[in-house]
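Working notes for the structure below.
The values are calculated or read from the model by the stated rules, or taken from the named source; none is laboratory data. Since the model is a prediction, treat every value here as computed from it, not as a measurement. Cβ atoms come from the backbone with ideal geometry, glycine included; neighbour counts cover every protein chain shown. All accessible areas refer to the heavy atoms of the entire protein, side chains included, with ligands and DNA or RNA removed. Shrake-Rupley method; radii C 1.70, N 1.55, O 1.52, S 1.80 Å.
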Amino acid sequence: IVILVAAWSAARSVLLRPIAALGDAAQRLGTGDLTARARVPGATRELRILALAFNRMGRQLGIRDRQLSEALRALHVSEERHRLLADNATDMITLFDRDFQRTYVSPACKDVLGYTQTELLGRNPQEIVHEDDLAIMEAQLHGPLRAGQATALSTFRTRHKDGTYRWLEVSGRRLPDGGGFVVVTRDVTRRKTVEQALEAANRQLEALAMEDPLTGLANRRRFDFLLDKEWRRSCRRNLPLSVVMLDADWFKQYNDTFGHPAGDVCLQGIASAIEGVLRRPADLAARYGGEEFVVMLPDTDHAGARHMAERIRAAVRALAKPHPESPYGIVTVSLGVATAWPLPNGEPGGQGALVSAADHALYEAKASGRNVARATELGLVPQTGDSAEA
(Lines give C-alpha, C1' and ligand atoms only; values in the text may rest on other atoms or scores of the structure.)
Protein backbone atom coordinates (compact mmCIF):
# COMPACT_ATOMS: atom_id res chain seq x y z
CA ILE A 1 0.00 0.00 0.00
CA VAL A 2 2.83 2.37 0.86
CA ILE A 3 4.46 1.61 -2.48
CA LEU A 4 1.18 2.19 -4.36
CA VAL A 5 0.55 5.46 -2.52
CA ALA A 6 4.08 6.63 -3.29
CA ALA A 7 3.71 5.67 -6.99
CA TRP A 8 0.36 7.44 -7.24
CA SER A 9 1.79 10.56 -5.59
CA ALA A 10 4.77 10.56 -7.93
CA ALA A 11 2.54 10.05 -10.99
CA ARG A 12 0.30 12.85 -9.86
CA SER A 13 3.25 15.19 -9.51
CA VAL A 14 5.04 14.42 -12.75
CA LEU A 15 2.09 13.44 -15.01
CA LEU A 16 -1.42 14.28 -13.84
CA ARG A 17 -0.84 17.84 -12.66
CA PRO A 18 1.25 18.86 -15.73
CA ILE A 19 -1.37 17.33 -18.04
CA ALA A 20 -4.12 19.17 -16.17
CA ALA A 21 -2.12 22.43 -16.42
CA LEU A 22 -1.67 21.89 -20.17
CA GLY A 23 -5.36 21.16 -20.56
CA ASP A 24 -6.38 24.24 -18.59
CA ALA A 25 -4.02 26.49 -20.62
CA ALA A 26 -5.32 24.99 -23.89
CA GLN A 27 -8.92 25.64 -22.82
CA ARG A 28 -8.16 29.27 -21.93
CA LEU A 29 -6.34 29.70 -25.24
CA GLY A 30 -9.29 28.18 -27.07
CA THR A 31 -11.66 30.73 -25.52
CA GLY A 32 -9.48 33.60 -26.75
CA ASP A 33 -7.17 34.20 -23.81
CA LEU A 34 -3.89 34.57 -25.70
CA THR A 35 -2.05 35.21 -22.41
CA ALA A 36 -2.62 31.59 -21.31
CA ARG A 37 0.63 29.75 -20.56
CA ALA A 38 1.28 26.21 -19.34
CA ARG A 39 3.43 25.91 -16.19
CA VAL A 40 4.60 22.35 -15.46
CA PRO A 41 7.44 22.34 -12.91
CA GLY A 42 8.61 18.88 -12.04
CA ALA A 43 6.94 17.30 -15.07
CA THR A 44 8.56 14.73 -17.25
CA ARG A 45 10.91 15.86 -19.98
CA GLU A 46 8.32 15.14 -22.66
CA LEU A 47 5.67 17.21 -20.93
CA ARG A 48 8.09 20.10 -20.38
CA ILE A 49 8.93 20.09 -24.12
CA LEU A 50 5.20 20.05 -24.93
CA ALA A 51 4.58 22.97 -22.52
CA LEU A 52 7.41 24.99 -24.06
CA ALA A 53 5.98 24.42 -27.56
CA PHE A 54 2.51 25.36 -26.32
CA ASN A 55 3.78 28.57 -24.69
CA ARG A 56 5.76 29.47 -27.84
CA MET A 57 2.60 29.02 -29.91
CA GLY A 58 0.68 31.21 -27.48
CA ARG A 59 3.25 34.01 -27.77
CA GLN A 60 3.17 33.80 -31.60
CA LEU A 61 -0.58 33.93 -31.59
CA GLY A 62 -0.45 36.97 -29.30
CA ILE A 63 2.00 38.74 -31.62
CA ARG A 64 -0.14 37.98 -34.67
CA ASP A 65 -3.25 39.08 -32.86
CA ARG A 66 -1.69 42.43 -32.07
CA GLN A 67 -0.50 42.81 -35.64
CA LEU A 68 -3.95 41.91 -36.95
CA SER A 69 -5.57 44.39 -34.57
CA GLU A 70 -3.23 47.14 -35.72
CA ALA A 71 -3.91 46.26 -39.36
CA LEU A 72 -7.64 46.29 -38.75
CA ARG A 73 -7.41 49.65 -37.03
CA ALA A 74 -5.36 51.04 -39.93
CA LEU A 75 -7.84 49.57 -42.40
CA HIS A 76 -10.72 51.09 -40.49
CA VAL A 77 -9.02 54.49 -40.49
CA SER A 78 -8.29 54.15 -44.21
CA GLU A 79 -11.87 53.13 -44.95
CA GLU A 80 -13.17 56.05 -42.96
CA ARG A 81 -10.88 58.42 -44.83
CA HIS A 82 -11.92 57.01 -48.20
CA ARG A 83 -15.56 57.12 -47.20
CA LEU A 84 -15.11 60.70 -46.02
CA LEU A 85 -13.51 61.62 -49.34
CA ALA A 86 -16.10 59.78 -51.42
CA ASP A 87 -19.02 61.19 -49.44
CA ASN A 88 -17.77 64.79 -49.58
CA ALA A 89 -16.06 64.92 -52.98
CA THR A 90 -17.77 67.16 -55.54
CA ASP A 91 -16.83 64.67 -58.27
CA MET A 92 -18.99 61.56 -58.60
CA ILE A 93 -17.09 58.32 -57.94
CA THR A 94 -18.54 55.16 -59.45
CA LEU A 95 -17.52 51.51 -59.36
CA PHE A 96 -18.53 49.39 -62.36
CA ASP A 97 -18.42 45.66 -62.84
CA ARG A 98 -17.01 44.07 -66.00
CA ASP A 99 -20.26 44.77 -67.85
CA PHE A 100 -20.24 48.44 -66.82
CA GLN A 101 -23.11 48.03 -64.39
CA ARG A 102 -22.87 50.36 -61.42
CA THR A 103 -22.02 48.63 -58.14
CA TYR A 104 -21.25 51.76 -56.11
CA VAL A 105 -22.04 55.45 -56.60
CA SER A 106 -20.86 58.23 -54.32
CA PRO A 107 -23.39 60.76 -52.92
CA ALA A 108 -22.11 63.43 -55.35
CA CYS A 109 -24.33 61.78 -58.00
CA LYS A 110 -27.17 63.91 -56.68
CA ASP A 111 -25.28 67.11 -57.54
CA VAL A 112 -23.83 65.87 -60.83
CA LEU A 113 -26.80 63.99 -62.32
CA GLY A 114 -29.73 64.75 -60.03
CA TYR A 115 -30.30 61.04 -59.32
CA THR A 116 -29.94 59.29 -55.95
CA GLN A 117 -27.53 56.42 -55.40
CA THR A 118 -30.41 53.94 -55.36
CA GLU A 119 -31.68 55.18 -58.73
CA LEU A 120 -28.29 54.63 -60.36
CA LEU A 121 -27.08 51.38 -58.80
CA GLY A 122 -27.21 48.34 -61.06
CA ARG A 123 -27.90 50.41 -64.17
CA ASN A 124 -25.89 51.02 -67.32
CA PRO A 125 -24.65 54.57 -68.10
CA GLN A 126 -25.78 54.28 -71.74
CA GLU A 127 -29.35 54.82 -70.57
CA ILE A 128 -28.80 58.53 -69.92
CA VAL A 129 -25.97 59.41 -72.35
CA HIS A 130 -26.95 61.61 -75.30
CA GLU A 131 -27.57 59.39 -78.32
CA ASP A 132 -25.18 61.46 -80.45
CA ASP A 133 -22.40 60.88 -77.90
CA LEU A 134 -22.79 57.13 -77.34
CA ALA A 135 -20.16 56.37 -79.98
CA ILE A 136 -17.76 58.87 -78.37
CA MET A 137 -18.15 57.26 -74.94
CA GLU A 138 -17.59 53.80 -76.38
CA ALA A 139 -14.57 54.82 -78.46
CA GLN A 140 -12.84 56.92 -75.80
CA LEU A 141 -13.83 55.28 -72.51
CA HIS A 142 -15.53 51.88 -72.47
CA GLY A 143 -13.73 50.39 -75.45
CA PRO A 144 -10.17 51.19 -74.29
CA LEU A 145 -10.86 50.02 -70.71
CA ARG A 146 -12.39 46.74 -71.91
CA ALA A 147 -9.39 46.22 -74.19
CA GLY A 148 -7.04 46.35 -71.19
CA GLN A 149 -5.95 49.98 -71.27
CA ALA A 150 -5.12 51.18 -67.75
CA THR A 151 -6.82 54.58 -67.98
CA ALA A 152 -9.16 56.42 -70.33
CA LEU A 153 -10.69 59.90 -70.56
CA SER A 154 -13.77 61.15 -72.39
CA THR A 155 -16.13 64.13 -72.48
CA PHE A 156 -19.76 63.74 -73.51
CA ARG A 157 -23.31 64.84 -72.75
CA THR A 158 -25.53 63.08 -70.21
CA ARG A 159 -29.17 63.69 -69.38
CA HIS A 160 -29.74 65.22 -65.95
CA LYS A 161 -32.78 64.14 -63.97
CA ASP A 162 -34.39 67.52 -64.71
CA GLY A 163 -34.31 66.66 -68.44
CA THR A 164 -31.45 68.95 -69.44
CA TYR A 165 -28.18 67.66 -70.82
CA ARG A 166 -24.90 68.32 -68.99
CA TRP A 167 -21.36 68.02 -70.29
CA LEU A 168 -19.42 65.50 -68.20
CA GLU A 169 -15.69 64.82 -68.10
CA VAL A 170 -15.25 61.15 -67.25
CA SER A 171 -11.94 59.59 -66.19
CA GLY A 172 -11.82 55.80 -65.92
CA ARG A 173 -9.29 53.37 -64.49
CA ARG A 174 -9.19 49.59 -64.78
CA LEU A 175 -9.05 47.81 -61.40
CA PRO A 176 -5.87 45.75 -60.85
CA ASP A 177 -7.67 42.41 -60.56
CA GLY A 178 -9.61 43.02 -63.77
CA GLY A 179 -12.86 42.76 -61.89
CA GLY A 180 -14.24 46.12 -62.90
CA PHE A 181 -13.54 49.82 -63.26
CA VAL A 182 -13.51 52.94 -61.13
CA VAL A 183 -14.75 56.11 -62.83
CA VAL A 184 -14.57 59.71 -61.65
CA THR A 185 -17.13 62.07 -63.20
CA ARG A 186 -17.29 65.83 -63.00
CA ASP A 187 -19.70 68.39 -64.47
CA VAL A 188 -17.85 70.59 -66.99
CA THR A 189 -20.94 72.21 -68.54
CA ARG A 190 -19.85 75.73 -67.61
CA ARG A 191 -16.35 75.19 -68.99
CA LYS A 192 -17.75 73.63 -72.15
CA THR A 193 -20.15 76.53 -72.62
CA VAL A 194 -17.27 78.98 -72.36
CA GLU A 195 -15.19 76.92 -74.81
CA GLN A 196 -18.05 76.82 -77.31
CA ALA A 197 -18.57 80.57 -76.96
CA LEU A 198 -14.85 81.13 -77.58
CA GLU A 199 -14.94 78.84 -80.61
CA ALA A 200 -17.92 80.73 -82.00
CA ALA A 201 -16.16 84.04 -81.37
CA ASN A 202 -13.01 82.76 -83.08
CA ARG A 203 -15.04 81.61 -86.08
CA GLN A 204 -16.70 85.00 -86.21
CA LEU A 205 -13.34 86.78 -85.99
CA GLU A 206 -11.96 84.52 -88.70
CA ALA A 207 -14.97 85.30 -90.88
CA LEU A 208 -14.53 89.02 -90.27
CA ALA A 209 -10.84 88.72 -91.15
CA MET A 210 -11.89 87.20 -94.48
CA GLU A 211 -14.67 89.72 -95.21
CA ASP A 212 -14.66 93.20 -96.69
CA PRO A 213 -16.34 95.44 -94.08
CA LEU A 214 -17.86 97.83 -96.63
CA THR A 215 -19.48 95.47 -99.14
CA GLY A 216 -19.78 92.25 -97.13
CA LEU A 217 -18.01 90.37 -99.93
CA ALA A 218 -14.92 88.26 -99.39
CA ASN A 219 -11.75 90.30 -99.10
CA ARG A 220 -8.60 89.78 -101.11
CA ARG A 221 -7.11 87.49 -98.48
CA ARG A 222 -10.04 85.09 -98.68
CA PHE A 223 -10.05 85.25 -102.47
CA ASP A 224 -6.34 84.35 -102.67
CA PHE A 225 -6.82 81.47 -100.23
CA LEU A 226 -9.79 79.94 -102.07
CA LEU A 227 -8.26 80.56 -105.50
CA ASP A 228 -5.23 78.52 -104.44
CA LYS A 229 -7.50 75.65 -103.36
CA GLU A 230 -9.52 75.75 -106.58
CA TRP A 231 -6.37 75.89 -108.69
CA ARG A 232 -5.07 72.72 -107.05
CA ARG A 233 -8.41 71.01 -107.51
CA SER A 234 -8.50 72.02 -111.17
CA CYS A 235 -4.97 70.65 -111.59
CA ARG A 236 -5.99 67.30 -110.11
CA ARG A 237 -9.15 66.96 -112.19
CA ASN A 238 -8.17 68.90 -115.32
CA LEU A 239 -11.14 71.25 -114.95
CA PRO A 240 -11.37 74.82 -116.26
CA LEU A 241 -11.02 77.73 -113.86
CA SER A 242 -12.06 81.29 -114.74
CA VAL A 243 -11.51 84.67 -113.10
CA VAL A 244 -13.38 87.90 -113.85
CA MET A 245 -11.88 91.19 -112.73
CA LEU A 246 -14.02 94.34 -112.94
CA ASP A 247 -13.55 97.97 -112.14
CA ALA A 248 -16.06 100.81 -111.73
CA ASP A 249 -15.64 103.22 -114.64
CA TRP A 250 -14.59 106.81 -113.88
CA PHE A 251 -15.09 106.14 -110.19
CA LYS A 252 -12.75 108.94 -109.06
CA GLN A 253 -14.95 111.43 -110.88
CA TYR A 254 -17.99 109.87 -109.22
CA ASN A 255 -16.45 110.45 -105.77
CA ASP A 256 -15.48 114.00 -106.72
CA THR A 257 -19.06 114.70 -107.78
CA PHE A 258 -21.06 113.01 -105.04
CA GLY A 259 -18.53 112.57 -102.24
CA HIS A 260 -16.97 109.51 -100.68
CA PRO A 261 -20.05 108.42 -98.65
CA ALA A 262 -22.03 108.23 -101.88
CA GLY A 263 -19.11 106.40 -103.45
CA ASP A 264 -19.28 103.79 -100.70
CA VAL A 265 -23.00 103.33 -101.33
CA CYS A 266 -22.23 102.92 -105.04
CA LEU A 267 -19.67 100.20 -104.32
CA GLN A 268 -22.20 98.42 -102.10
CA GLY A 269 -24.68 98.50 -104.97
CA ILE A 270 -22.13 97.03 -107.39
CA ALA A 271 -21.33 94.28 -104.86
CA SER A 272 -25.03 93.41 -104.53
CA ALA A 273 -25.39 93.32 -108.31
CA ILE A 274 -22.46 90.88 -108.60
CA GLU A 275 -23.83 88.62 -105.86
CA GLY A 276 -27.23 88.66 -107.53
CA VAL A 277 -25.73 87.14 -110.68
CA LEU A 278 -23.80 84.33 -108.99
CA ARG A 279 -25.79 81.15 -108.41
CA ARG A 280 -23.43 78.30 -107.54
CA PRO A 281 -22.06 77.90 -103.98
CA ALA A 282 -18.49 77.58 -105.26
CA ASP A 283 -18.62 80.89 -107.17
CA LEU A 284 -16.94 83.65 -105.19
CA ALA A 285 -17.15 87.43 -105.42
CA ALA A 286 -14.55 89.53 -103.61
CA ARG A 287 -13.52 93.13 -103.30
CA TYR A 288 -9.99 93.23 -104.65
CA GLY A 289 -9.19 96.79 -103.64
CA GLY A 290 -10.69 100.29 -104.03
CA GLU A 291 -13.34 100.14 -106.73
CA GLU A 292 -11.99 96.87 -108.13
CA PHE A 293 -13.77 93.53 -107.73
CA VAL A 294 -12.91 89.97 -108.70
CA VAL A 295 -15.05 86.89 -109.30
CA MET A 296 -13.79 83.29 -109.22
CA LEU A 297 -15.72 80.77 -111.32
CA PRO A 298 -14.61 77.17 -110.71
CA ASP A 299 -15.36 74.55 -113.36
CA THR A 300 -16.32 77.31 -115.83
CA ASP A 301 -14.97 77.37 -119.37
CA HIS A 302 -14.20 80.37 -121.59
CA ALA A 303 -17.72 80.75 -123.00
CA GLY A 304 -19.36 80.39 -119.58
CA ALA A 305 -17.05 82.97 -118.02
CA ARG A 306 -17.73 85.49 -120.79
CA HIS A 307 -21.46 84.94 -120.33
CA MET A 308 -21.17 85.58 -116.57
CA ALA A 309 -19.15 88.73 -117.23
CA GLU A 310 -21.84 90.07 -119.53
CA ARG A 311 -24.51 89.30 -116.95
CA ILE A 312 -22.55 91.20 -114.29
CA ARG A 313 -22.08 94.17 -116.64
CA ALA A 314 -25.82 94.20 -117.38
CA ALA A 315 -26.71 93.92 -113.66
CA VAL A 316 -24.59 96.97 -112.82
CA ARG A 317 -26.12 98.97 -115.68
CA ALA A 318 -29.57 97.96 -114.40
CA LEU A 319 -28.81 99.83 -111.18
CA ALA A 320 -29.06 103.00 -113.26
CA LYS A 321 -27.01 105.03 -110.80
CA PRO A 322 -26.57 108.52 -112.31
CA HIS A 323 -22.97 109.43 -113.21
CA PRO A 324 -22.76 112.85 -114.90
CA GLU A 325 -19.04 112.45 -115.62
CA SER A 326 -19.54 109.20 -117.57
CA PRO A 327 -20.34 109.31 -121.32
CA TYR A 328 -23.00 106.68 -120.56
CA GLY A 329 -24.69 108.84 -117.92
CA ILE A 330 -24.81 105.99 -115.40
CA VAL A 331 -22.37 103.90 -113.38
CA THR A 332 -20.83 101.12 -115.49
CA VAL A 333 -18.03 98.60 -115.09
CA SER A 334 -15.25 97.27 -117.29
CA LEU A 335 -14.43 93.58 -117.07
CA GLY A 336 -11.48 91.32 -117.82
CA VAL A 337 -12.02 87.60 -118.14
CA ALA A 338 -9.36 84.86 -118.05
CA THR A 339 -9.84 81.09 -118.26
CA ALA A 340 -7.26 78.34 -117.67
CA TRP A 341 -7.29 74.58 -118.08
CA PRO A 342 -4.53 73.58 -115.65
CA LEU A 343 -2.59 70.45 -116.56
CA PRO A 344 -2.63 67.55 -114.10
CA ASN A 345 0.16 68.12 -111.55
CA GLY A 346 0.41 71.61 -112.98
CA GLU A 347 2.51 74.43 -111.65
CA PRO A 348 1.35 75.31 -108.08
CA GLY A 349 1.70 79.06 -108.63
CA GLY A 350 -0.22 79.16 -111.89
CA GLN A 351 -3.18 80.94 -110.31
CA GLY A 352 -1.07 84.09 -110.22
CA ALA A 353 -0.73 83.96 -113.99
CA LEU A 354 -4.51 83.52 -114.27
CA VAL A 355 -5.19 86.66 -112.20
CA SER A 356 -2.56 88.59 -114.19
CA ALA A 357 -4.24 87.54 -117.43
CA ALA A 358 -7.63 88.73 -116.15
CA ASP A 359 -6.08 92.02 -115.05
CA HIS A 360 -4.48 92.45 -118.47
CA ALA A 361 -7.86 91.79 -120.12
CA LEU A 362 -9.42 94.41 -117.81
CA TYR A 363 -6.78 96.92 -118.91
CA GLU A 364 -7.72 96.23 -122.52
CA ALA A 365 -11.41 96.70 -121.71
CA LYS A 366 -10.67 100.12 -120.26
CA ALA A 367 -8.55 101.00 -123.26
CA SER A 368 -11.46 100.01 -125.52
CA GLY A 369 -13.80 102.66 -124.14
CA ARG A 370 -14.93 100.95 -120.91
CA ASN A 371 -18.34 99.44 -120.14
CA VAL A 372 -17.16 96.35 -122.00
CA ALA A 373 -15.74 92.88 -121.27
CA ARG A 374 -12.56 91.44 -122.78
CA ALA A 375 -11.45 87.82 -122.36
CA THR A 376 -8.42 85.57 -122.81
CA GLU A 377 -7.50 81.92 -122.34
CA LEU A 378 -4.27 80.28 -121.16
CA GLY A 379 -3.03 76.82 -120.34
CA LEU A 380 -4.22 73.56 -121.91
CA VAL A 381 -7.42 74.20 -123.88
CA PRO A 382 -9.53 71.32 -125.25
CA GLN A 383 -10.07 71.42 -128.99
CA THR A 384 -13.67 72.66 -129.04
CA GLY A 385 -13.39 75.10 -131.90
CA ASP A 386 -13.49 78.11 -129.62
CA SER A 387 -10.76 80.66 -130.22
CA ALA A 388 -9.04 82.75 -127.63
CA GLU A 389 -9.79 86.44 -127.62
CA ALA A 390 -7.06 88.78 -126.53
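What is the number of the single condition among (1) open to solvent by 20 Å² or more (accessible area, probe 1.4 Å); (2) in contact (Cβ under 8 Å) with a residue 24 or more places away in the chain; (3) more than 30 Å from E325 (Cβ to Cβ); (4) among the small types (G, A, S) that S242 does not meet?
Only one criterion in (1) open to solvent by 20 Å² or more (accessible area, probe 1.4 Å); (2) in contact (Cβ under 8 Å) with a residue 24 or more places away in the chain; (3) more than 30 Å from E325 (Cβ to Cβ); (4) among the small types (G, A, S) is unmet by S242, namely (1).
Residues of region 203-223 being free of Cβ contacts under 8 Å to residues at least 24 places away in the same chain, open to solvent by 70 Å² or more (accessible area, probe 1.4 Å) and assigned to a helix (DSSP H, G or I), which ones?
R203, Q204, L205, E206, L208, R221
For a quick check of your reading of the model, give me the residue pairs whose first member lies in region 110-127 and is part of a helix (DSSP H, G or I), whose second is acidic (D, E), with beta-carbon atoms closer than 6 Å and at least 6 apart or on different chains.
Filtered contacts from region 110-127: V112/D187.
Here is a yes/no grid of residues against (1) open to solvent by less than 50 Å² (accessible area, probe 1.4 Å); (2) closer than 21 Å to K252 by Cβ:
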| residue | (1), (2) |
| --- | --- |
| G290 | yes, yes |
| T300 | yes, no |
| R306 | no, no |
| R313 | no, yes |
| S334 | yes, yes |
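Check A285, A271, A262 and return the single one that is of a type outside the set (V, I, T) and crowded, with 21+ Cβ neighbours inside 10 Å.
Only one candidate qualifies: A285.
Yes or no: region 211-234 includes at least one residue that is closer than 30 Å to V112 by Cα and in contact with an Asp or Glu (Cβ under 7 Å, 6 or more places away or on another chain).
Within region 211-234, not a single residue is closer than 30 Å to V112 by Cα and in contact with an Asp or Glu (Cβ under 7 Å, 6 or more places away or on another chain).
Scan region 339-370 residue by residue and report those that are assigned to a loop (DSSP other than H, G, I, E, B) and either open to solvent by 60 Å² or more (accessible area, probe 1.4 Å) or at pLDDT 95 or above (or both).
Those that are assigned to a loop (DSSP other than H, G, I, E, B) and either open to solvent by 60 Å² or more (accessible area, probe 1.4 Å) or at pLDDT 95 or above (or both): L343, P344, N345, E347, P348, S368, R370.
Tell me which residues, restricted to region 189-210, are at pLDDT 80 or above and not hydrophobic (A, V, I, L, M, F, W, C).
T189, R190, R191, K192, T193, E195, Q196, E199 - these are the residues of region 189-210 that are at pLDDT 80 or above and not hydrophobic (A, V, I, L, M, F, W, C).
What are the residues in region 158-202 that are open to solvent by 60 Å² or more (accessible area, probe 1.4 Å), touching a Leu at 6+ places or on another chain (Cβ under 9 Å) and farther than 17 Å from R98 by Cβ, if any?
R159, K161, R186, D187
Restricting to region 68-97, what's the tally of residues that are modelled with pLDDT under 75 and among the aromatic types (F, W, Y)?
Matching residues across region 68-97 total 0.
Test A11 against the criterion of being touching a helix residue (DSSP H, G or I) at 6+ places or on another chain (Cβ under 9 Å), open to solvent by less than 40 Å² (accessible area, probe 1.4 Å) and at pLDDT below 80, and give yes or no.
Numbers: touching a helix residue (DSSP H, G or I) at 6+ places or on another chain (Cβ under 9 Å): no; open to solvent by less than 40 Å² (accessible area, probe 1.4 Å): yes; at pLDDT below 80: yes.
So A11 fails the test.
Which ones in region 160-186 are of a type outside the set (D, E, K, R) and outside any strand (DSSP E or B)?
H160, G163, T164, L175, P176, G178, G179, G180
Do you know which of the residues in region 259-287 that are without any contact (Cβ under 8 Å) to a residue 40 or more places away in the chain and in contact with a Pro (Cβ under 9 Å, 6 or more places away or on another chain) is farthest from P324 (Cα to Cα)?
In this case the residue turns out to be R280.
Report, by residue number, each residue of region 132-157 that is small (G, A, S) and surrounded by fewer than 18 Cβ atoms within 10 Å (Cβ to Cβ). Write out each step before concluding.
Here is the first cut: in region 132-157, the residues small (G, A, S) are 135, 139, 143, 147-148, 150, 152, 154.
Of everything in region 132-157, those that are small (G, A, S) and surrounded by fewer than 18 Cβ atoms within 10 Å (Cβ to Cβ) turn out to be A135, A139, G143, A147, G148, A150.
Among the residues of region 244-261, how many are over 21 Å from N219 (Cβ atoms), in contact with a Lys or Arg (Cβ under 9 Å, 6 or more places away or on another chain) and not acidic (D, E)?
The number of residues fulfilling the criteria is 2.
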